[in-house]
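The next block holds one structure in the form of structure tokens; read it before the comments.
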Amino acid sequence: DAMVIQNPRYQVTQFGKPVTLSCSQTLNHNVMYWYQQKSSQAPKLLFHYYDKDFNNEADTPDNFQSRRPNTSFCFLDIRSPGLGDAAMYLCATSRDLGTSSPLHFGNGTRLTVT
Amino acid sequence: TQLLEQSPQFLSIQEGENLTVYCNSSSVFSSLQWYRQEPGEGPVLLVTVVTGGEVKKLKRLTFQFGDARKDSSLHITAAQPGDTGLYLCAGENSGTYKYIFGTGTRLKVLA
């Protein structure tokens, strides 16, 4: 089945230690997104790629970076995680921007910062 | 800044009861989607509504998009424990094509 896969499901990192979360998709979708979701809150968009074009949200901290080396993979790098960065990180894809293209989410990576 | 407010924020009901969740904004959206998210998983799309006044049904779930495309509602008939989860509406910004998520409604259906 075509899907969005995130690895790992759970990640523990130390305060200030860089961490990378990964996402892969078999849907061949043009757009890949990273969302941050804190406990019982709505997902908050950090950034998205339309093909190779990177679009950062204005309020996304510089501490968060992303890479999309090819259509299938996208990475979220947190350069110096703080305690406030503990959250569920959700990767999503959509076929296109607009045209009501629905979002297809992975199951997320839960990040703990110690 | 576009905001989508959902109400109620929390809802705990008995199996068999009916309920309605509201998603409201002062902004107009090109389309609106409803997702359900279960603990430890990503949100799963339930429905997309595009036309003002549109009504869609998915088994016991009825979704309506407001005439002015600023609000939406989700009605569940005869709720079941399997309906438990976090319900999220997401509006598509017509200028940026990005989705803005609502504040969420956490539903618990007791057997």
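Some notes on this structure:
Yes/no matrix, rows are residues, columns are (1) at pLDDT below 95; (2) on the phi > 0 side of the Ramachandran plot; (3) open to solvent by less than 60 Å² (accessible area, probe 1.4 Å):
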{"site": "A:V4", "(1), (2), (3)": "no, no, yes"}
{"site": "A:N7", "(1), (2), (3)": "yes, no, no"}
{"site": "A:Q14", "(1), (2), (3)": "no, no, no"}
{"site": "A:K17", "(1), (2), (3)": "no, no, no"}
{"site": "A:S22", "(1), (2), (3)": "no, no, yes"}
{"site": "A:A58", "(1), (2), (3)": "yes, no, no"}
{"site": "A:Q65", "(1), (2), (3)": "no, no, no"}
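- Residue satisfying condition, being facing chain A (nearest Cβ under 9 Å) and touching a residue at least 60 places away in the same chain (Cβ under 8 Å), within set B:Q14, B:Q6: B:Q6
- Of all residues in region B:6-16 being outside any strand (DSSP E or B) and touching a strand residue (DSSP E or B) at 6+ places or on another chain (Cβ under 8 Å), the one that is most open to solvent (accessible area, probe 1.4 Å): B:Q9
- Hey, A:L83 open to solvent by 60 Å² or more (accessible area, probe 1.4 Å) and under 26 Å from B:L86 (Cβ atoms) or not: yes
- Selected residue [surrounded by fewer than 16 Cβ atoms within 10 Å (Cβ to Cβ), in contact with a strand residue (DSSP E or B) (Cβ under 7 Å, 6 or more places away or on another chain) and touching a residue at least 12 places away in the same chain (Cβ under 8 Å)] from B:L74, B:L88, B:L58: B:L58
- Residue list for region A:59-103, restricted to those being within 14 Å of chain B (Cβ to nearest Cβ) and either free of Cβ contacts under 8 Å to residues at least 12 places away in the same chain or among the hydroxyl-bearing types (S, T, Y) (or both): A:D59, A:T60, A:Y89, A:T93, A:S94, A:G98, A:T99, A:S100, A:S101, A:P102
- The residue that is surrounded by the most Cβ atoms within 10 Å (Cβ to Cβ), counting only those in region A:25-56 that are more than 15 Å from the chain's Cα centre (by Cα) and closer than 21 Å to A:T112 by Cβ, is A:Q41.
- As a summary of the residue check, B:L107 satisfies the conditions (1) open to solvent by 10 Å² or more (accessible area, probe 1.4 Å); (2) modelled with pLDDT of 95 or more; (3) closer than 26 Å to B:G40 by Cβ except for the one numbered (1).
- A single entry from A:L90, A:L97, A:L103 fulfils the requirement of being at pLDDT 95 or above and open to solvent by less than 70 Å² (accessible area, probe 1.4 Å): A:L90.
- Residue that is nearest to A:N107 (Cα to Cα) [pool: residues in region A:31-54 that are modelled with pLDDT under 95 and of a type in the set (S, T, N, Q)]: A:Q37
- For region B:61-71, a residue qualifies if it is open to solvent by less than 40 Å² (accessible area, probe 1.4 Å) and within 29 Å of A:H48 (Cβ to Cβ), and the qualifying residues are B:L61, B:F63, B:F65, B:G66.
The values are calculated or read from the model by the stated rules, or taken from the named source; none is laboratory data. This is a predicted model, so every value here is computed, not measured. Every residue, glycine among them, receives a Cβ derived from its backbone with ideal geometry; neighbour counts consider all protein chains shown. These accessible areas exclude ligands, DNA and RNA; they are computed on the full protein's heavy atoms, side chains included. Shrake-Rupley method; radii C 1.70, N 1.55, O 1.52, S 1.80 Å.
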